[in-house]
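Any read-out appearing in this document is the output of simple, stated calculations on the displayed coordinates, not a laboratory observation. It should be emphasised that the depicted structure is a prediction, and the values quoted were computed from it without experimental measurement. FYI the Cβ positions are ideal-geometry reconstructions off the backbone, even for glycines, and counts take in every protein chain you see.
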Amino acid sequence: MKTQWGSCSPKSELLLNPLLVKAPSYCVDYVIFHELCHLNEHNHSSRFYRLLSNLVPDWVKRKIELDELAEHILNR
């Protein structure tokens, strides 16, 4: 995984990028919740984002921080 923090397969198998351990724990939590939401919604539909927002109300803030850290973490 060079460009993703996590994924959920069609068989509901969750994979997390091992480099995620270098991110702050609240960003790790966001990725885990994001992937868990895919167990119910397998796409990025409005239902998916409603579910994610119910579980992690500040997910946008966490995603932005993780995106800002991505190049530093993933390319080292």
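Checked against (1) buried (at least 16 other Cβ atoms within 10 Å of the Cβ); (2) touching a helix residue (DSSP H, G or I) at 6+ places or on another chain (Cβ under 9 Å); (3) not aliphatic (A, V, I, L, M), residue 26 meets all criteria but (1).
Could you tell me whether the range 24-43 includes any residue that is touching a Ser or Thr at 6+ places or on another chain (Cβ under 8 Å), touching a residue at least 24 places away in the same chain (Cβ under 8 Å) and in a helix (DSSP H, G or I)? Yes. A single member of 26, 30, 49 is touching a Phe, Trp or Tyr at 6+ places or on another chain (Cβ under 7 Å), closer than 23 Å to residue 70 by Cα and of a type in the set (Phe, Trp, Tyr), and it is 30.
Of the residues making up the range 1-23, those that are under 19 Å from residue 71 (Cβ atoms) and either in a helix (DSSP H, G or I) or in contact with a Cys (Cβ under 9 Å, 6 or more places away or on another chain) (or both) are 5, 18, 19, 20, 21, 22. Can residue 64 be described as loosely packed, with under 13 Cβ neighbours inside 10 Å and of a type in the set (Val, Ile, Thr)? Yes; evaluated as a whole, the condition is true for this residue.
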